[in-house]
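Input: a single structure, listed below in structure tokens.
Read-outs throughout are calculated quantities, based only on the coordinates presented, and are distinct from any laboratory measurement. As the structure is a computational prediction, the values presented were derived from the model and not from experiment. Positions of Cβ are generated from backbone atoms using ideal geometry, with glycine treated the same way; all protein chains shown enter the neighbour counts.
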Amino acid sequence: MSKTVDLSVKIGDVTLKNPFIVGSGPTVKNLDQIRAAEDSGWAGVSMKLVIDPEPYISLPPRYRWLKKKGYNIFSAEKRLTTGEGLKLLEEARKIVKDIALIPNLTYDGPDPEGWGRLAKQFEDAGSDIIELNMCCPNMSFNTETTGDSSVQLTGASLGKEPEALKEIVEIVKDSVSIPVLVKITPEGGEIAKSARACIEAGADAVGGTASRLGIPDIDIRNPMGTIFRLQSNITLGCLSGPWIRPLALRDIYEMRSLLGPNPTLLNSGGIHDLQSAVEHIMLGADALWICTETMLRGFAWLPKLIDELKQYMSDMSYNKISDFRDLLLQNIKAAKDLKIDEGYAVVDLDRCTSCGLCWKIGHCTAITHPVKVTTIKSKTCMGCSTCVDICPTSAITMVKKGDTE
């Protein structure tokens, strides 16, 4: 590596040694997990969700990882009570030295001031940062979406209500002296407006969880059953994993575009390697939550990613994260401003095996196959490039009009 790079980021007055935080979930619910995360070089842990009063939905976990489809889905999950969360934080505070402890909190009581009381308890117990959960889709948002009703709004139900967010963030900021981070939902389609409400109310940082509620795969031969094991029926499940990254990138893009360069923003969604991490940063993220990948692979894969990030930054002459944060914003244009180059597909007959896949493209009239030889008419080719993507031998390429004329 030709030079030293700085991976540190700040949330309020707390400096994280790198941008990687274990996202709140089943891999940050006990002391051994937090210790393992610290040993593997993670900068912080957003601890398992605490709900006060005692959560009204808290069931043994049921997960499915559908590898071929690239998504994880859970239908049931345990939450921590306030007492359990405080005990875990206090015990962790005694043993960890090089990782930020970030409790993930939801208040489900009748008075908004309860958010401040809850946050203060965790500040006093040793939190570095308070994280407000305005994103969990499997509580009141699930209940409402399935046609029932909730007395109190929690998680994703609150995260799409800017005015409610403002009130709660102001209360919490008045109650604690440590940084306040708000994790908000994309459900509702206006995550940037919710993020702005939090920043205007004084939040030190905001970020999005990419998770959406969805219907799991269905066994069409047994529609009254479920793909979940040890579970009798289905509910809307919380979806995460690589498939969700394009939506997550839209979330951070919308937040950064609306809020400008100054606020500290975090994001999550399909992060598992150098490519996916850099994409999030280039669209506006200062730091990253990672949850699903820690469920599948634990924590010890992070040092390799950190080394790859350092090498990448050195190769690209980036000294710090902010040198390439937001970089992609200048490359994203409105559809009306998109520049389309004229061109067409050409086929290399030495590589073409006449497999016939491109002959079947339903929207294309340019590809024919006289005597089973692939022929592409440049004058009628639309330049869509579907044929390039489906060709198994890479025999088809796109060329700009004029380049070969």
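Taking other C-beta atoms within 10 Å as the exposure proxy, Leu16, Leu230 rank Leu230, Leu16 from fewest upward. For the options Lys87, Lys48, Lys377, a Gaussian network treatment of the chain with springs between C-alpha atoms closer than 10 Å singles out Lys377 as fluctuating the most.
Bridging of Lys336 to lysines at a Cα separation below 27 Å is possible for Lys193, Lys379, Lys400, Lys401, once same-chain residues fewer than 8 apart are set aside. Within region 250-283, find all residues whose amide N lies under 14 Å from a label point positioned 7 Å from the Cα of Lys320 along Cα-to-beta-carbon. So the set is 262, 264.
For the chain, the cysteines with no partner cysteine C-beta closer than 4.7 Å are Cys135, Cys136, Cys198, Cys238, Cys291, Cys352, Cys355, Cys364, Cys381, Cys384, Cys391. Summing +1 for each Lys or Arg and -1 for each Asp or Glu, what net charge is found among the other residues whose Cβ lies under 11 Å from the Cβ of Pro112? With Lys, Arg at +1 and Asp, Glu at -1, the neighbours total -2.
Around Asp6, with a cut-off of 12 angstrom between Cβ atoms, what is the net charge of the other residues, counting Lys and Arg +1 and Asp and Glu -1?
Details: positive: Lys3, Lys10, Lys17, Lys310, Lys320; negative: Asp323.
Summing Lys and Arg as +1 and Asp and Glu as -1 gives +4.
Per-residue ellipticity at 222 nm for the chain, helices alone: DSSP H runs ≥ 4 residues times -39500 (n - 2.57), over residue total, nearest 500 deg cm²/dmol?
Working: 12 runs with 118 residues, N = 405.
Theoretical 222 nm ellipticity from helices: -8500 deg cm²/dmol.
Which length gain, in nm to one decimal place, applies between Val371 and Lys97 when the Cα-Cα distance is subtracted from 0.36 nm times their residue separation? If you can, show how the numbers build up before the last one.
Values: separation 274, 0.36 × 274 = 98.64 nm, distance 7.20 nm.
The span from Val371 to Lys97 would gain 91.4 nm if fully extended.
Summing charges over neighbours of Thr365, with a neighbour being any other residue whose Cβ is under 13 Å away from its Cβ, gives +3 when K and R count +1 and D and E count -1.
The alpha-carbon atoms of region 340-400 define a convex hull whose volume equals 77 cubic angstrom per residue. Paramagnetic label reach from Gln152 (point 7 Å along Cα→Cβ; backbone nitrogen cut-off under 12 Å): within region 94-116, residues 106-116.
Could you grab the relative contact order for region 115-202? Cα pairs under 8 Å, six or more apart, rounded to a whole percent. Intermediate values should be presented prior to the final figure.
Working: 135 pairs, mean separation 32.4, N = 88.
The normalised contact order for region 115-202 reaches 37 percent.
Taking the longest Cα principal axis of the chain as reference, the axis of helix 245-259 is set at about 70 degrees.
What trypsin sites (Lys or Arg not before Pro) does region 161-243 have in DSSP loop regions with at most 13 other beta carbons within 10 Å?
Those satisfying the criteria are Arg221, Arg229.
To the nearest ten degrees, helix 191-200 and the longest principal axis of the Cα atoms of the chain are 40 degrees apart. Given contacts defined as C-alpha pairs under 8 Å and at least six residues apart, what's the relative contact order of the chain, whole-number percent? Worked out over the chain, it gives 15 percent.
Exceeding 19 Å between C-alpha atoms, which entries from my cross-link table qualify? They are Lys17/Lys320; Lys10/Lys166; Lys17/Lys97. Violating the 19 Å limit, Cα to Cα: Lys10/Lys166.
Look at (1) 5, 20, 27, 22, 14, 8, 3, 0; (2) 4, 18, 25, 23, 17, 10, 3, 0; (3) 4, 21, 30, 26, 14, 4, 0: the one that is P(r) over Cα pairs in 10 Å bins from 0, in percent derived from this structure is (1).
Here the Kirkwood formula, the inverse mean of 1/r across different C-alpha pairs, assigns region 51-209 a hydrodynamic radius of 16.3 Å.
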